[in-house]
1. Among all residue pairs at least 6 apart or on different chains, which show Cβ distances below 8 Å where the first residue, located in segment 120-142, is closer than 30 Å to Pro84 by Cβ and of a type in the set (A, V, I, L, M, F, W, C) and the second is at pLDDT below 95 and surrounded by fewer than 18 Cβ atoms within 10 Å (Cβ to Cβ)?
2. When segment 160-188 is examined, which residues are found to be among the aromatic types (Phe, Trp, Tyr) and under 15 Å from the mean Cα position of the chain (by Cα)?
3. Could you list all residues from segment 128-152 that are more than 14 Å from Ala50 (Cα to Cα) and more than 15 Å from the chain's Cα centre (by Cα)?
4. Go through segment 143-188 and report how many residues are polar (S, T, N, Q), touching a helix residue (DSSP H, G or I) at 6+ places or on another chain (Cβ under 8 Å) and closer than 17 Å to Gly118 by Cβ.
5. Residue by residue through segment 50-74, note down the ones that are in a helix (DSSP H, G or I) and closer than 15 Å to Thr122 by Cα.
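The values are calculated or read from the model by the stated rules, or taken from the named source; none is laboratory data. From a predicted model like this one, the values you see are computed outputs, not experimental measurements. Neighbour counts are summed over all protein chains in view; Cβ atoms, including those assigned to glycine, are modelled from backbone coordinates with ideal geometry.
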Amino acid sequence: MQTVRAAVLAAAIAAPSLATAAGHHSGPRLVVRLYDAFGVGAQDMATARATAQSVLRSAGIELVWQDCGAIASSSASEAACDGPVDPRDVLVRIPVAGFQGPVDMLGFSFIDMRQHSGSLATVFADRVELMAGQTRSEMGKLLGRVIAHEIGHLLLGTNAHANRGLMRAHWSAVEIQRDEPVDWRMSPPDARRTRQALLVRSTRPVVPVGRIARATE
């Protein structure tokens with residue numbers, strides 16, 4: 001039986017379907033299957049993707065986005081979004097949080113502690129939106145940073161957090177408001193481990209997932 005744990009991110013306060021951002025592709029690619037059941041606005045989603053892309057690119061990884069909507073509607077989309085998970089794929093669901101978990105939890109990732117990797121992350125856009133409003137910050141940018149944080153957990157294969165930088169456990173209102181670049185980048189050791197982990201997991205077999213990725217289920 002596999003041991004699975006959740007890596008949780010909390011806040012410390014009471015484009016085309018398959019495309020990368022413009023630029024030179026200098027690192028290994030990671031396909032992100034994005035299941036948006038919340039209905040993030042087009043501009044906020046574009047900003048979120050660009051933000052997450054920038055964070056992971058600084059770690060030497062290129063993101064390739066697969067827009068899976070909330071529920072795939074065509075056979076081609078179902079094949080791309082419901083098919084087996086390649087080791088270089090991750091699944092990011094964006095549902096409404098409702099009563100799931102503590103009210104300050106922005107997202108979480110499921111980590112296989114034996115394989116030291118994961119493929120499925122959940123990000124609560126309604127809580128991100130609320131925090132962005134409370135801190136007078138940009139919703140799309142904050143959403144992208146949460147997505148990048150959770151992808152970091154999936155690749156690093158741990159629910160542990162760093163003391164500083166993007167992979168720290170708690171994001172305070174002050175940190176969000178001051179928007180210092182150092183707070184939103186992976187530390188050099190985390191960036192190196194993340195890139196190496198993607199290269200290692202690319203040698204693993206494809207895993208069938210059934211319908212686990214559906215954001216509405």
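1. Partner pairs satisfying both residue conditions: Leu120/Ile212; Phe124/Val96; Phe124/Gln100; Phe124/Met105; Ala125/Val96.
2. Matches in segment 160-188: Trp184 only.
3. Glu129, Leu130, Met131, Ala132, Gly133, Gln134, Thr135, Arg136, Ser137
4. Count: 1.
5. Ala52
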